[in-house]
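J.: If you scroll down you'll find the structure; I have some questions about it.
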There are 2 protein chains.
Amino acid sequence: MTMPNNLEISRSASLKPLAEVADGMGIGAHLLEPYGRAAAKVSLEAIAELADRPRAKYVVVSSVTPTPLGAGKTTTSVGLGQAFGHIGKRAVIALRQPSMGPTFGIKGGAAGGGYSQVVPMEALNLHLTGDMHAVTAAHNLLAAMIDNHLHKGNALSINPHAITWRRVLDVNDRDLRQIVTGLGGKADGTPRQGGFDITAASEVMALLALSTSLQDLRERLGRIVIGYDVDGKPVTAEQLKAAGAMCVILLEALKPNLMQTVENTPVLIHCGPFGNIATGNSSIIADLIGIHAGDYLVTEAGFGADMGAERFFNIKCRNSGLTPDAAVLVVTVRDLKTHSGKYRVVAGKPLPEEMLAESPDDVTAGASNLRKQIANIREHGIEPVVAINAFPSDFASEHQSILDIAAEESVRAAVCTHVPDGGKGAIDLARAVVEACDQQNTFTTLYEDALPLVEKIETVARRIYGADGIDLSPLAERQLADYERNGFGNLPVCIAKTHLSLSSDPSKKGAPTGWRLPVREVRASVGAGFIYPICGDMRTMPGLSSAPAAERIDIDDNGEIVGLA
Amino acid sequence: MTMPNNLEISRSASLKPLAEVADGMGIGAHLLEPYGRAAAKVSLEAIAELADRPRAKYVVVSSVTPTPLGAGKTTTSVGLGQAFGHIGKRAVIALRQPSMGPTFGIKGGAAGGGYSQVVPMEALNLHLTGDMHAVTAAHNLLAAMIDNHLHKGNALSINPHAITWRRVLDVNDRDLRQIVTGLGGKADGTPRQGGFDITAASEVMALLALSTSLQDLRERLGRIVIGYDVDGKPVTAEQLKAAGAMCVILLEALKPNLMQTVENTPVLIHCGPFGNIATGNSSIIADLIGIHAGDYLVTEAGFGADMGAERFFNIKCRNSGLTPDAAVLVVTVRDLKTHSGKYRVVAGKPLPEEMLAESPDDVTAGASNLRKQIANIREHGIEPVVAINAFPSDFASEHQSILDIAAEESVRAAVCTHVPDGGKGAIDLARAVVEACDQQNTFTTLYEDALPLVEKIETVARRIYGADGIDLSPLAERQLADYERNGFGNLPVCIAKTHLSLSSDPSKKGAPTGWRLPVREVRASVGAGFIYPICGDMRTMPGLSSAPAAERIDIDDNGEIVGLA
């Protein structure tokens, strides 16, 4: 039997009125603003109104180091949330909003999958309530005000060559990566090099996700450093008088979006910062609401546990004050087979044929990555649970290999079939998570605020990535010294490296040892509140492929969407 | 007594639930999708469901040739709509959505004014339901797919120098007018000249406003000509396989947005195409719904009657099949004083002091413009009504001058005080409009589809602008011949000229004679369905001023917006 595709499942789902979904969270209708039939904004007043309700157990979902196809963190987060309903617990799921650029690029939609997805998937993948567009608008208003400032006399003595603020659009458009703006005549601005990133890579997106209140949002916007003046002093959005208007543009976007899964489990969709140069985590505001809206709050962190979960612990939790109770590590057979070093998986291409043959040994050969990511969770004092995201092409012997590794590490593990089976396919996982949460956890961040930036980088590199140390380029050294001098030394670090390896080299699988992390340069998201060292090529504006998903997306004769999947 | 500002009035307005507003239009709750508390989308099924209800009288509001400050068409449209309620008639108002760029530039918000405005004004001016952003996204996806096509081998043999499709953003950013894209390495695209227009200037916006159904939207998107191949043949969005995805991006944006005025009169806000290079009229879809949703449907056309109203008659009505019953011409004392040629009004600056002195003679000296715009309405077989939009600084003698001119032209006229007084300040106008609609009207377009393009331009120039003829540049002549050859000769023309004069010279006031219209070049919006000759400098991307409105817009300590006005 073939399973219907995601769009078909989404269409056939029986949606509850969102007011009813919210009611189950203790969120009254007065806190809800419907946005179409698919989603509703939740007022920030919900935080105070729910404060006296019991605190949910807080569960973060990340994965082993994934292949370019991903390990299935979103489906697992959704499946787990749904599974709680099958064992008499109420769950809330908090996820990032997918970016529209990739929807029309390679992905064709992202909302979980099968019977563990957020619905309606069209709404989730197309604009939703416009938050991404609001980030674009706020970001580009600041860009326009910077160039306008230069054009109108440059009273702040901004060094045009030291402007770091680019522009953003939510589209995959490689031709916008590097551009020259301000050409034409005298009335058309100041010629200089610039470029566009995808909106998910905007500091405004990272900042929105880390804000804890409207006033906090306003202050973070004001702290954005857009570049440096001729004396090398940072110039802020506040000095450009842009932060107030940016905040007004973001007023609605600061409110999380309530949706539901195919099984009517509540989902808070909010923000979608990049997982390499930014935190890759959904918003703090959504979690501040969700933490009092059920028995369990399940949230997803981008990429592997060395990336999204590390930022969850050391940046998101540091800002929110919330502490996690357990961490799920998603793993697939194909992930560990890839970590054996025998196979190469490429995005947008089918898996190598030989990878589909039964081979529990290949799975075992890739164990080192899973073991290291388990250790990475435990570094933060949190109990991991391994979720084996099963595929129809897997063999029971291969699942057993993973269960054996988990047993050796004394970690709970469960085989999950939530994609074809919905929540009941993740009941074992849910039971394991309940136990892990009930265990004694002593959450700890990796480093103190006061640790010098260079030592923070070294701490993450050694303890999480397994590096022998770090190598700073002369530029990176100078930049770190500048940031310390400018008073940014107390910020946490968000190390931008490949998500395809624990190391900075995407071809190194497993748990590489005997290597050092090269730091090419170091950038600052002062408004968002982190410093991000660049280790390797970070692409902040994707391109389209030879046959982008956009070519297949259309309406049919009945006006229904086709080609989103 | 000082009047509260627009934002204060908007906040103090007593809003009705939109379901109740819709109910008064015969629109059931099943046709309504709330988007926040401020607006609701109306399903396109409303067109068919309302079809059997009586047809409203259809009234278009335009103005004399305005000063850069505008004549107050939006306030008058709102005031007139509200006034119908005071004389026992039900009205629906159809307006354009304001662009966010200018909101943060010079204007600080646009929603009518005083007690004749659309509320809540913050929602109207900030994103609303995201339609503008959807236009941006659809437009830029096509741009990305064009450059991707070049990058991936250029199978359609597109001539990179003959690409006319630019990019758009809803921001005032002069530095984006002329740019070079595709710089960097081989993986970063194809270097070529490009640029951004403001979203309101997008052909997608014009096309959305002229679409009569979802299928029509899909077809128009496919017909978009993005440039020419190496043989000079037009290349379309359909050939690039982009039109389907663009249509999917625009699915929600095709639905009009229901809002209300301070007096709870229903307002359909939909689309906001530019008034110079495009039609400057709100959407056909909104009018197709509104025409069966009340006794009177009041819609606004951008700029003077030579611009917006001419396009309303010859482009919008040609596409919609709807025929108007009356036309309101808004005029202010300052407009006619400016047409005397004695004063110069500059955007963003206070009026010249001497213009505020009582001078009915100055008003009379500017009569020629009002007379010509009255004639322009009558050219289309429609009865005009003069609406004198009164200002506190006006004198009764000055209003009398305008009433005298109207009497000489045998045109109904009324002094209106809807800004301070709301609907009751426009009751006389409403009564005059009722009479005008009950008169025998024989609507006629200016020209047939089959007339050659050059003769269409000449017809508008002579009969509407009062030119002695047109002068085509060699480029324009060649382009017109190309368009005829490519099968675009049956399209109407949308002449892009200054809105500050009946002529193409903004400094020429009154009703200039003895001049010829110079056509520099001719462009084609084939998807939208019109050809637009360029007569003078058309700015399609505004800049910011030395002290943009954005600098004053912020939130206060209570999280309330300040500085929008």
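J.: Does A:Ile464 satisfy being buried (at least 24 other Cβ atoms within 10 Å of the Cβ) and either in the same structural domain as A:Ile315 (by TED's automatic domain parsing) or aliphatic (A, V, I, L, M) (or both)?
T.: Considered against the rule, which asks whether it is buried (at least 24 other Cβ atoms within 10 Å of the Cβ) and either in the same structural domain as A:Ile315 (by TED's automatic domain parsing) or aliphatic (A, V, I, L, M) (or both), A:Ile464 comes out as yes.
J.: Here is a check on your reading of the model: is B:Tyr447 of a type in the set (Phe, Trp, Tyr), assigned to a helix (DSSP H, G or I) and at pLDDT 95 or above?
T.: On the way: of a type in the set (Phe, Trp, Tyr): yes; assigned to a helix (DSSP H, G or I): no; at pLDDT 95 or above: yes.
The answer is no for B:Tyr447.
The rows are residues; the columns are (1) of a type outside the set (Val, Ile, Thr); (2) not assigned by TED's automatic domain parsing to the domain that holds A:Ala39.
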{"residue": "A:Ala206", "(1), (2)": "yes, yes"}
{"residue": "A:Gly222", "(1), (2)": "yes, yes"}
{"residue": "A:Val225", "(1), (2)": "no, yes"}
{"residue": "A:Lys233", "(1), (2)": "yes, yes"}
{"residue": "A:Leu240", "(1), (2)": "yes, yes"}
{"residue": "A:Gly244", "(1), (2)": "yes, yes"}
{"residue": "A:Met259", "(1), (2)": "yes, no"}
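J.: Also, quick follow-up: Can you find a residue in the stretch B:172-182 that is closer than 16 Å to B:Ala144 by Cβ, surrounded by fewer than 24 Cβ atoms within 10 Å (Cβ to Cβ) and within 14 Å of chain A (Cβ to nearest Cβ)?
T.: Checked against the condition, which is being closer than 16 Å to B:Ala144 by Cβ, surrounded by fewer than 24 Cβ atoms within 10 Å (Cβ to Cβ) and within 14 Å of chain A (Cβ to nearest Cβ), the stretch B:172-182 yields at least one hit.
J.: For the stretch A:211-229, does any single residue satisfy the condition of being of a type in the set (A, V, I, L, M, F, W, C), surrounded by 24 or more Cβ atoms within 10 Å (Cβ to Cβ) and away from chain B (no Cβ under 11 Å)?
T.: Going residue by residue through the stretch A:211-229, those that are of a type in the set (A, V, I, L, M, F, W, C) are A:214, A:217, A:221, A:224-226.
When the remaining residues are screened for being surrounded by 24 or more Cβ atoms within 10 Å (Cβ to Cβ), the result is A:217, A:221, A:224, A:226.
Of the ones still in play, those that are also away from chain B (no Cβ under 11 Å) are A:224, A:226.
Yes; the residues of the stretch A:211-229 include at least one that is of a type in the set (A, V, I, L, M, F, W, C), surrounded by 24 or more Cβ atoms within 10 Å (Cβ to Cβ) and away from chain B (no Cβ under 11 Å).
J.: Test A:Val64 against the criterion of being in contact with a strand residue (DSSP E or B) (Cβ under 7 Å, 6 or more places away or on another chain), crowded, with 24+ Cβ neighbours inside 10 Å, of a type in the set (A, V, I, L, M) and farther than 29 Å from A:Lys372 by Cβ, and give yes or no.
T.: Criteria not met by A:Val64.
J.: Let me ask something else. Within the stretch A:327-347, work out how many residues are in contact (Cβ under 8 Å) with a residue 24 or more places away in the chain, farther than 22 Å from A:Val433 by Cα and in a loop (DSSP other than H, G, I, E, B).
T.: Total satisfying the criteria: 5.
J.: Is it the case that B:Gly114 is more than 29 Å from B:Met246 (Cβ to Cβ), more than 11 Å from chain A (Cβ to nearest Cβ), out of contact with any strand residue (DSSP E or B) (no Cβ under 7 Å at 6 or more places or on another chain) and open to solvent by 10 Å² or more (accessible area, probe 1.4 Å)?
T.: no
J.: Shifting gears a bit: Output yes when any residue across the stretch B:489-503 is farther than 24 Å from B:Leu207 by Cα and open to solvent by 20 Å² or more (accessible area, probe 1.4 Å), and no when none is.
T.: Of the residues in the stretch B:489-503, the ones farther than 24 Å from B:Leu207 by Cα are B:500-503.
The next check asks that each one be open to solvent by 20 Å² or more (accessible area, probe 1.4 Å); those that pass are B:500.
Yes, the stretch B:489-503 contains a residue that is farther than 24 Å from B:Leu207 by Cα and open to solvent by 20 Å² or more (accessible area, probe 1.4 Å).
J.: Tally time: how many residues in the stretch A:389-440 are among the hydroxyl-bearing types (Ser, Thr, Tyr) and either buried (at least 20 other Cβ atoms within 10 Å of the Cβ) or within 26 Å of the chain's Cα centre (by Cα) (or both)?
T.: Of the residues in the stretch A:389-440, the ones among the hydroxyl-bearing types (Ser, Thr, Tyr) are A:393, A:397, A:401, A:410, A:417.
This time we only want the ones that are either buried (at least 20 other Cβ atoms within 10 Å of the Cβ) or within 26 Å of the chain's Cα centre (by Cα) (or both), so: A:401, A:417.
The total comes to 2.
J.: Just the residues that are open to solvent by 10 Å² or more (accessible area, probe 1.4 Å) and out of contact with any helix residue (DSSP H, G or I) (no Cβ under 6 Å at 6 or more places or on another chain), please, taken from the stretch B:67-84.
T.: Taking the stretch B:67-84 first, the residues open to solvent by 10 Å² or more (accessible area, probe 1.4 Å) are B:68-70, B:72-75.
Selection gives B:Pro68, B:Leu69, B:Gly70, B:Gly72, B:Lys73, B:Thr74.
J.: Quick check on the stretch A:138-162: of everything there that is away from chain B (no Cβ under 11 Å), of a type outside the set (S, T, N, Q) and in contact with a Phe, Trp or Tyr (Cβ under 8 Å, 6 or more places away or on another chain), which residue is least open to solvent (accessible area, probe 1.4 Å)?
T.: My answer is A:Ile158.
J.: Is at least one residue of the stretch A:472-490 of a type in the set (A, V, I, L, M) and touching a Phe, Trp or Tyr at 6+ places or on another chain (Cβ under 6 Å)?
T.: The answer is no; no qualifying residue exists.
J.: Hey, can you tell me all the residues within the stretch B:27-59 that are open to solvent by 30 Å² or more (accessible area, probe 1.4 Å), part of a loop (DSSP other than H, G, I, E, B) and touching a helix residue (DSSP H, G or I) at 6+ places or on another chain (Cβ under 9 Å)?
T.: Within the stretch B:27-59, B:Arg37, B:Leu44 meet the criteria.
J.: From the list A:Gly194, A:Gly185, which residue is at pLDDT below 95, at the interface with chain B (Cβ under 10 Å from one of its Cβ atoms) and open to solvent by 10 Å² or more (accessible area, probe 1.4 Å)?
T.: A:Gly185
J.: Give the number of residues within the stretch B:353-374 that are part of a helix (DSSP H, G or I), touching a residue at least 24 places away in the same chain (Cβ under 8 Å) and open to solvent by 30 Å² or more (accessible area, probe 1.4 Å).
T.: 8
J.: With the requirement that a residue be in contact (Cβ under 8 Å) with a residue 24 or more places away in the chain and open to solvent by 10 Å² or more (accessible area, probe 1.4 Å), what does the stretch A:377-388 give you?
T.: Residues satisfying the conditions are A:Glu379, A:Gly381, A:Glu383.
J.: Considering each of A:Pro324, A:Pro350 in turn, give the residue that is modelled with pLDDT of 95 or more and not in a helix (DSSP H, G or I). Reasoning before the result, please.
T.: Working: A:Pro350 fails: modelled with pLDDT of 95 or more.
Answer to the selection: A:Pro324.
The values are calculated or read from the model by the stated rules, or taken from the named source; none is laboratory data. This is a predicted model, so every value here is computed, not measured. We place every Cβ from the backbone using ideal geometry, glycine too, and count neighbours over all the protein chains shown. Note: accessible area is taken over every heavy atom of the protein model, side chains too, but ligands, DNA and RNA are not part of it. Shrake-Rupley method; radii C 1.70, N 1.55, O 1.52, S 1.80 Å.
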